[in-house]
Amino acid sequence: QVQLVESGGGLVQAGGSLRLSCAASGRTFSTYSMGWFRQAPGKEREFVAAISKSDGSTYYTESVKGRFTISRDNAKNTVYLQMNSLKAEDTAAYYCAARRGTNYLANHSRYDIWGQGTQVTVSS
């Protein structure tokens, strides 16, 4: 069973950058598609980005396209979320998640394993 630990969150000014990392334990990381989700106070958890296990295809919610980049390093059992040009509305707790399948990657209910989250706060 894979376990996930996020890191890299923090406080940054608007326009700045952060890189989130999600380290997975276990030997089966490459068999999971990976996603990043976020949840702001009082709001539902929303999809941010995902990367498929099969061909590395990436998917983004519209509001982060061109600013965020998801990538994975299977040798290091890690998935990353590079966040540039951050905005105040990006403030949220960010969670990585693992899914055995390759479809419905934007649907949080389809994910099998979740990390504990890391807080990102963007000051305007």
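Overview of values
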quantity	calculated
With every protein chain in place, the chain: carbon and sulfur % of accessible area (1.4 Å)	45
Gain on full stretching of the segment that runs from Asp112 to Val5 - 0.36 nm per residue minus C-alpha separation	37.1 nm
Antiparallel %, DSSP beta bridges [both residues in the chain], to 5	90
Accessible area per residue in Å² at 1.4 Å probe, computed on the chain	50
Dipole of the chain, positive end: most advanced residue of Phe47, Ile113, Gly15 [Cβ charges, Cα centre]	Ile113
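The values are calculated or read from the model by the stated rules, or taken from the named source; none is laboratory data. Keep in mind it's a predicted model, so treat the numbers as computed, not measured. Don't worry about glycine lacking a Cβ; one is built from the backbone with ideal geometry, like all the others, and counts go over all protein chains shown. With ligands, DNA and RNA removed, areas are computed over all heavy atoms of the protein, side chains included. Shrake-Rupley method; radii C 1.70, N 1.55, O 1.52, S 1.80 Å.
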